[in-house]
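K.L.:
Quick one: the structure is below, questions incoming.
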Amino acid sequence: MRNSLFWRILAVGLLPLLILYFYFNASGSVSFIHEHTPFILLVVAILVGASYLISRTYSQPINHLSQHLDDPQDLTNFFFRTKLLPAEIQRLYKRVLDDLDLRHREQENTQSEKAIFSSILSSMTDGILVVDENNDVTLINQAAGSIFNVTKESALDHSLVEVIRHFKMNELLEKTRESGTPQIDSFETTPEKYYIRCIATPLKEQMPGSILFLMQDLTRIRQLEIIRRDFVSNVSHELRTPLTSLKLITETLQDGMLDDPQQAAKFLDRMSGEIDNLSQMVEELLELSRIESGRVPLEKRWVKPQELLGAACERMTLQAERAGLTCSTNCPPDLPSIFVDKSRLESVLVNLLHNAIKFTRPGGSIELSAYQNLNTIVFSVKDTGIGILPKDLARVFERFYKSDRSRSERGTGLGLSIARHLVEAHGGKIWAESQVNQGSTFSFSIPIK
């Protein structure tokens, strides 16, 4: 550009000289030209220099502007460094710099919004997925990828049918496109077994043809609902038996059994036993509720393991003797103390002992033991009883679960659940090992702190 401007300015400056030259040459005054040749050459040199300076003054900023449009900082530095810029060039520079600054701020805002949007998507616990008018996935967040076990790289720009192989998602997509209104459906994924509520919403104005899928993981809520339903069912079942028995006893007494004092006394004793069972169940339910809600403060102190075993064995020795069983303890005296609620852990051992006595035939034995395993003290109650079936072993710590109802109707089914919660409240774990007709061993570990 500078060369073009230079020649134009030079041509404009030389044009009068050429006109004079041809004029004098035509009039025969060549001697005048020869006499003033040095002056003419000086004027030409001045015109050439002026043309160069003028072209450079105008062309250099414009060339610099065109070469550095992507670098506003360099343009700004050049603008303030050049003191002799013409007013027109200064106005041009000012306008270009203002436009570049506005564009740069808009880009920064866009990038900031993208970063915020990406951060929100990645931190959301709900799954987000967007498909375009061709049903290709254009956006998917980490939560959605975890739900359907897919990665972002393998999902983007692929068909929804290829990415999520679940017929419910495809049905929801078709219903949403046909109706043009939001659609909701719930289903279970495989093999992860997530229970998902999916809301499909057409993005009409913002992204025509695209559909947004919002996926909420309701697995935990569904599990809690199942637990609540099972709890109500189990409580109803456990209450029905004693209430039915009380009803029958009452009706029998009303039908004239009161006239027989001996039989009436037996029925009243049985009624008292059923009421005791109901009272025990209510107390255990309240206790379990308090433990699960964290409303049971643990009064911890340093306790020797052998002290816990001795106290539990002493409380249950008489009951074991009546059942024809022997009860013994096995605990090294040098075990370190543990920081626990003595009465709570003692009740856990008593509960395990009570179960061992109930399911061990006369002539059998029960052993309470404790030993150190790394940073924990492990307590065990081992019996030679009837054992537990493998299918029942993993569920014995559930509320109201009874491995053999025909032989365990006397219990409420809450004792082991309470024991599990008390052990976990101390930061420990509880488990069971058993072989049918050879006995069972219930163990729990307590950290040494």
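K.L.:
Kirkwood hydrodynamic radius, segment 217-272, all distinct C-alpha pairs: what's the number in Å? Let's see the in-between values first.
P.N.:
Working: mean 1/r = 0.0726 Å⁻¹.
This gives a value of 13.8 Å.
K.L.:
So for each of 221-231, 269-279 I average, over its residues, the number of other beta carbons within 10 Å; can you give me the resulting order with the highest mean first?
P.N.:
269-279, 221-231
K.L.:
What is the distance, in nm, between label points placed 7 Å from the Cα along the Cα-to-Cβ direction at Asp230 and at Arg95?
P.N.:
7.7
K.L.:
Take Ser365, project a point 7 Å from its Cα along the Cβ direction, then tell me which residues of segment 322-340 have their backbone nitrogen under 20 Å from it.
P.N.:
Residues passing the 20 Å test: 322-333.
K.L.:
At 1.4 Å probe size, with every protein chain present, just tell me what the per residue accessible area of segment 320-390 comes to in Å². Don't jump to the answer; show the numbers that get you there.
P.N.:
On the way: 3270 Å² over 71 residues.
Value for segment 320-390: 46 Å² per residue.
K.L.:
Which of rounded, prolate, oblate describes segment 297-449, given a ≥ b ≥ c as roots of the alpha-carbon gyration tensor eigenvalues and a/c under 1.5 marking rounded, otherwise prolate only if a/b is larger than b/c? List each step's numbers first, then the result.
P.N.:
Details: a/c = 1.76, a/b = 1.38, b/c = 1.27.
Because a/c hits 1.5 or more and a/b exceeds b/c, segment 297-449 counts as prolate.
K.L.:
Starting from the Cα gyration tensor of segment 210-305, take the square roots of the eigenvalues, sort them a ≥ b ≥ c, and report rounded, prolate or oblate (rounded when a/c is under 1.5, otherwise prolate if a/b is larger than b/c, else oblate).
P.N.:
Working: a/c = 6.17, a/b = 1.75, b/c = 3.53.
Oblate shape, in that a/c is at least 1.5 and b/c is the bigger or equal ratio.
K.L.:
Given all pairs of different Cα atoms, what value in angstroms does the Kirkwood hydrodynamic radius of segment 105-197 take? Could the numbers behind the result be given before it?
P.N.:
Numbers: mean 1/r = 0.0691 Å⁻¹.
So the Kirkwood estimate lands at 14.5 Å.
K.L.:
While we're looking at this one, here's another question. How many percent of the accessible area of segment 98-210 is carbon or sulfur, using a 1.4 Å probe? It would help to have the intermediate numbers written out before the result.
P.N.:
Values: 3500 of 7110 Å².
Carbon and sulfur atoms account for 49 percent of the accessible area of segment 98-210.
K.L.:
Further question on the same structure: Counting only other residues whose beta carbon sits under 14 Å from that of Ser210, what net charge do I get with K and R as +1, D and E as -1?
P.N.:
Details: positive: Arg177, Lys204; negative: Asp132, Glu133, Asp136, Asp157, Glu205.
Value of the local net charge: -3.
K.L.:
Which order, highest average first, do 253-264, 166-177 follow once you tally other Cβ atoms within 10 Å for each residue and take the mean per peptide? Write out the running numbers ahead of the final one.
P.N.:
Details: 253-264: 11.4, 166-177: 16.8.
Those peptides, ordered most packed to least, come out 166-177, 253-264.
K.L.:
With the cut-off at 1.5 for a/c, could you classify segment 214-373 from its C-alpha gyration tensor as rounded, prolate or oblate?
P.N.:
Values: a/c = 2.59, a/b = 1.23, b/c = 2.10.
Cα axes put segment 214-373 in the oblate bin.
K.L.:
Could you check the spin-label model distance between Arg220 and Ser159? Points 7 Å from the Cα along Cα→Cβ, value in nm.
P.N.:
Using points 7 Å along Cα→Cβ, the separation is 3.7 nm.
K.L.:
Between Gln372 and Ser245, what is the label-to-label distance in nm when each label sits 7 Å out along the Cα-to-Cβ direction?
P.N.:
About 4.7 nm separates the two model spin labels.
K.L.:
Listed highest first by mean packing, meaning other Cβ atoms within 10 Å per residue, what order do 307-318, 342-353 come in? Walk me through the numbers on the way to the answer.
P.N.:
Details: 307-318: 17.3, 342-353: 20.9.
My ranking of the peptides, most packed first, is 342-353, 307-318.
K.L.:
Give me the 1.4 Å probe accessible area per residue for segment 193-308, excluding ligands and nucleic acids, in Å².
P.N.:
Heavy-atom SASA per residue in segment 193-308 reads 66 Å².
K.L.:
Further question: For segment 235-287, which whole percent of the accessible surface, found with a 1.4 angstrom probe, sits on carbon and sulfur atoms?
P.N.:
On the way: 1990 of 3520 Å².
Answer for segment 235-287 is 57 percent, counting heavy atoms of protein chains only.
The values are calculated or read from the model by the stated rules, or taken from the named source; none is laboratory data. As the structure is a computational prediction, the values presented were derived from the model and not from experiment. As a convention, Cβ positions derive from the backbone with ideal geometry for all residues, glycine included, and neighbour counts pool all protein chains shown. Protein only, heavy atoms only, side chains kept; ligands, DNA and RNA dropped before computing areas. Shrake-Rupley method; radii C 1.70, N 1.55, O 1.52, S 1.80 Å.
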